[in-house]
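S.K.: One structure, as structure tokens, below. Some questions next.
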Amino acid sequence: MPTTTPPPAAGAAVATAATTGVAATPVDPVVTASPVDAVATGEADAAVRRVLAAYFDGLHHGDTAALAGVFHPEAVYATATEGVLLRLTMPEYFPLVDAREPPAARREARRDLVVSVEFAGPVTALARVECSMGPRRYTDFLTLLLLDGRWQVIAKVFHFETRPAEGE
């Protein structure tokens, strides 16, 4: 499986409360960087991973203000898991997040994982991440662009599987 260019450490994953026992702290996803210098120094990898941490935090807490700092305003949300295309804009997606009870309110354990981060160039990255909410296990492909001096998710394309309830 492809690894991050450059990798922070072989087999590295994002540490979360579920893996460390320590509560996650809010992360500011706004990072100013020169695109060329960022890739050359590995700063881009660290900046993208901070955005991913903020993404996980926003989902876990149902915090659309935090998610608005992660997603570009014109970002696309898409899946076809249920056999038909579901494509939303951010103004359509955020009210859905606001309307649901967040995993944190249900005291769900965090199960977040950055599987890989790849760079197609100094301003384009693709992250494969996994997380769980309720009975669903999500695999997200997040395309990020470095725009206006910060990494932003421009597309979230995902698949989910529903796990059986305990005891089934």
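The values are calculated or read from the model by the stated rules, or taken from the named source; none is laboratory data. Please read these numbers as outputs of a predicted model, since none were measured by experiment. Note: ideal-geometry Cβ built from the backbone for every residue, glycine included; neighbour counts use all protein chains shown. Just so you know, the surface numbers come from the protein's heavy atoms only, side chains and all, with ligands and any DNA or RNA stripped out. Shrake-Rupley method; radii C 1.70, N 1.55, O 1.52, S 1.80 Å.
S.K.: Within the range 135-162, track down each residue that is within 17 Å of G42 (Cβ to Cβ) and either touching a Phe, Trp or Tyr at 6+ places or on another chain (Cβ under 9 Å) or surrounded by fewer than 16 Cβ atoms within 10 Å (Cβ to Cβ) (or both).
M.R.: Scanning the range 135-162 gives a single hit, L144.
S.K.: Within the range 133-149, count every residue that is in contact with a helix residue (DSSP H, G or I) (Cβ under 8 Å, 6 or more places away or on another chain) and in a strand (DSSP E or B). Quick ask: steps written out before the conclusion?
M.R.: If we filter the range 133-149 for residues that are in contact with a helix residue (DSSP H, G or I) (Cβ under 8 Å, 6 or more places away or on another chain), which is where we start, we get 133-134, 142, 144, 146.
From what is left, the residues that are in a strand (DSSP E or B) are 133, 142, 144, 146.
Summing the residues that are in contact with a helix residue (DSSP H, G or I) (Cβ under 8 Å, 6 or more places away or on another chain) and in a strand (DSSP E or B) in the range 133-149 gives 4.
S.K.: For the range 90-134, how many residues are in contact with a Cys (Cβ under 9 Å, 6 or more places away or on another chain) and open to solvent by 70 Å² or more (accessible area, probe 1.4 Å)?
M.R.: The total comes to 1.
S.K.: Does L52 fit the bill of being closer than 18 Å to T162 by Cα, aliphatic (A, V, I, L, M) and touching an Asp or Glu at 6+ places or on another chain (Cβ under 9 Å)?
M.R.: Details: closer than 18 Å to T162 by Cα: no; aliphatic (A, V, I, L, M): yes; touching an Asp or Glu at 6+ places or on another chain (Cβ under 9 Å): yes.
Judged against the criteria, L52 is not a match.
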